[in-house]
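**Q** I have a structure I would like to understand better, so I am pasting it below and will then ask my questions one at a time.
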Amino acid sequence: MVRLEENELRTAAHQSSKGNQLKWESDGIWYKADYTGYEGLAEYMVSGLLKHSNMNEEEYILYQTEEIGYKKALYRGCRSGNFLPEGWQLITLERLFQNLHGQSLYMSIFRIQGTKERARFLTEQVEQMTGLENFGVYLSRLLTIDALFLNEDRHMHNIAVLRDGTGGYHYCPVFDNGCALLADTQMDYPMGEQSV
């Protein structure tokens, strides 16, 4: 168990449709509290199963389960190491597009008809903004992982790239699989209810 303090709390500017999960950073370790079910266990399971895939360990974030003491509450959740080298930044695709074009990437994609056309637009935009090659391969891998593990929460705020200290861009390890494996037992998959 770890006890975390107020000054270690990290709030996100973007809130998902299900609310905002408590997150902290302390001594190079990130912690996330379960919010709607067993997200920490889902993160742990997905990353553990990815260890047995053909992916290299630097291509995804490895999570461990954790009990988190914060104020007077005890939370279940998970932890992971900070994977950013000194001076690097994680930049979501939504923020990157907003900064360069002054509009929402999500809304720009939403206006396009057809899945294939949306994927092409996203791939072309990311490659133009970052200079990265083969973003379509990266996106296909990410969405395959989501489909395999039933991750229903992939959006433009949790697909990201890394920017180094010189302004160069790199692929980001796969992260944020907490909504996989039917982990939302509060809203989407309540425990004890029978399906019809």
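The values are calculated or read from the model by the stated rules, or taken from the named source; none is laboratory data. This one's a predicted model, so the numbers in the text were calculated from it and none came from an experiment. Here Cβ is always computed from backbone atoms with ideal geometry, including for glycine, and neighbour counts include all displayed protein chains. Heads up: the accessible areas ignore ligands, DNA and RNA and are worked out on the full protein's heavy atoms, side chains in. Shrake-Rupley method; radii C 1.70, N 1.55, O 1.52, S 1.80 Å.
**Q** Answer yes or no: is there a residue in the range 164-176 that is over 24 Å from GLN21 (Cβ atoms) and at pLDDT below 90.
**A** No, that holds for no residue.
**Q** Here's another thing I want to ask about it. Out of PHE110, PHE135, which single residue is open to solvent by less than 40 Å² (accessible area, probe 1.4 Å), free of Cβ contacts under 8 Å to residues at least 60 places away in the same chain and not polar (S, T, N, Q)?
**A** PHE135
**Q** How many residues does the range 140-154 contain that are surrounded by fewer than 16 Cβ atoms within 10 Å (Cβ to Cβ) and modelled with pLDDT of 95 or more?
**A** Adding up the residues that qualify gives 6.
**Q** While we're looking at this one, here's another question. Since LEU122 meets every condition but one in (1) open to solvent by 20 Å² or more (accessible area, probe 1.4 Å); (2) part of a helix (DSSP H, G or I); (3) farther than 22 Å from GLY40 by Cα, which condition does it not meet?
**A** Here LEU122 clears every test but (1).
Residue-by-condition table, conditions (1) buried (at least 18 other Cβ atoms within 10 Å of the Cβ); (2) part of a loop (DSSP other than H, G, I, E, B); (3) over 14 Å from the mean Cα position of the chain (by Cα):
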residue	(1), (2), (3)
LEU41	yes, no, yes
LEU49	no, no, yes
ASN54	no, yes, yes
GLU58	no, no, yes
GLU67	no, no, yes
ARG76	no, no, yes
SER80	yes, no, no
GLU94	yes, no, no
TYR106	no, no, yes
